[in-house]
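Heads up: the structure comes next, in structure tokens.
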Amino acid sequence: MTGVGPWDAAVVIAKALSYAATLGAAGGVFFVTYCHSLLEASNGRRIRRWIGALLVVAALASGAKVLAMAASMSGEPAGMFDVSLDAMVLRSGEGWAIAVRLLGVGCVAGALAAGRPAPALALMGGAALATSFAWVGHVHTLPSTALPTLVLALHLLAAAFWLGALVPLALVARDPDLSRVASVTSRFGNAALLVVLALLGAGVCLLWLLLHPLSALWSGDYGRLVLLKLVGVAALLALAAFNHRRVTPRLLAGDRRATAALRKSIAVEIAAACAVLVVTAAMTTLAGP
């Protein structure tokens, strides 16, 4: 990763922000859908406003990423406004990814604006948001892309379900009704068990497709970034296991002190998730398998 310039760094930042906002919005939709009956009305409104804000950030970050990629190609700020460079970025697969993402933004925004439950439209939008990143990336350099793209889409859906629930959970954790906090946390934890298995299975499959032999993990920049990402994911898994095995049972037993532990754990999870997304952005920008 020698010779990384400021515009490369700008691309990494824009990508990480796009990942966080897009997956966060999709995961928020999934969270509201399966926890709707348990959410207190004011918390439901807060989560929906949070999703709406993330939709705006996702759209803006996607545009900023295209401009930063064009500037990175030219090496100077004027490259952002070079129509031929912008078109080149969009033709590389980024155009389809953004189109699918904006379709998801429109569907979710429409569902939020409807003023009444529209779970089918919201879920369709959430799925489009999460899987929009599958239209571009290193899997498209493989000889056959159909299966890798499907595996990546599954990985993204699982990541959105898990990571996108963190801020909504943090909002719910402030609810004074301990039984409601316990019910929501328990429902998410039980659903997340299967989702995390899908996330890990798809991730292992992608690593096998992109990085073999195994020595590629430590013999190049891409592999070392993958190892760094795996450390972050391991930290997230440890925190999730702690919440599921230790904190949630205390909440269900009526231990009010457990809400403070839950809030602290979620805050650390959010920080770890942000670090993982930054590393992922660097993997897809600064190195290749």
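Going from the fewest other Cβ atoms within 10 Å to the most, the residues V12, V172 appear in the order V12, V172.
Against the chain, whose longest principal axis comes from its Cα atoms, helix 221-242 is set at around 0 degrees. To the nearest 10 degrees, how steeply does helix 178-210 sit against the main Cα axis of the chain, on a 0 to 90 scale? The answer is roughly 30 degrees. For the range 6-286, the Cβ-based charge dipole about the Cα centre amounts to some 1100 debye (Lys, Arg positive; Asp, Glu negative; other atoms uncharged).
The range 275-289 and the range 54-86 have their alpha-carbon centroids 18 Å apart.
As a rough footprinting exposure proxy, the listed residues V204, V11 were ranked by other beta carbons within 10 Å of their own, and the order from fewest upward is V204, V11. The ranking of R180, R45, R101 by Cβ neighbour count inside 10 Å, starting from the fewest, reads R45, R180, R101. Computed from phi, the 3J(HN,Hα) profile of the range 158-175 under the Karplus parametrisation 6.51, -1.76, 1.60 (θ = phi - 60°) reads 5, 4, 5, 4, 7, 5, x, 8, 5, 5, x, 5, 4, 5, 5, 5, 8, 5 Hz, with x in place of Gly and Pro. Dividing the alpha-carbon radius of gyration of the range 108-193 by the rule-of-thumb value 2.2 N^0.38 Å gives 1.38. Highest GNM mean-square fluctuation among A153, A271, A130, for the chain modelled with Cα contacts below 10 Å: A271. Between rounded, prolate and oblate, where does the range 139-235 land on the alpha carbon gyration tensor, with a ≥ b ≥ c its root eigenvalues, rounded for a/c under 1.5, else prolate if a/b exceeds b/c? Prolate, because a/c is 1.5 or more and a/b exceeds b/c. Between the Cα long axis of helix 41-74 and the first principal axis of the chain there is an angle of about 10°, rounded to the nearest 10. Note on the chain: dipole from Cβ charges, positive end direction compared against G110, A70, Y19; the farthest Cα belongs to G110. Here the 3J(HN,Hα) profile of the range 81-90, calculated from phi with Karplus coefficients 6.51, -1.76 and 1.60 at θ = phi - 60°, is 9, 7, 4, 5, 5, 4, 5, 5, 4, 5 Hz, Gly and Pro shown as x. Within the listed set P143, P119, P176, the residue fluctuating most in the Gaussian network model of the chain (springs between alpha-carbon atoms under 10 angstrom) is P143. Other residues lying with their Cβ under 10 Å from the Cβ of A281 contribute a combined charge of +2, Lys and Arg counting +1, Asp and Glu -1.
Coordinate-derived values only; no laboratory data. This structure is a prediction, so every number in the text was calculated from the model and none was measured. Reconstructed Cβ throughout: ideal geometry from the backbone, glycine too, with neighbour counts over all protein chains shown.
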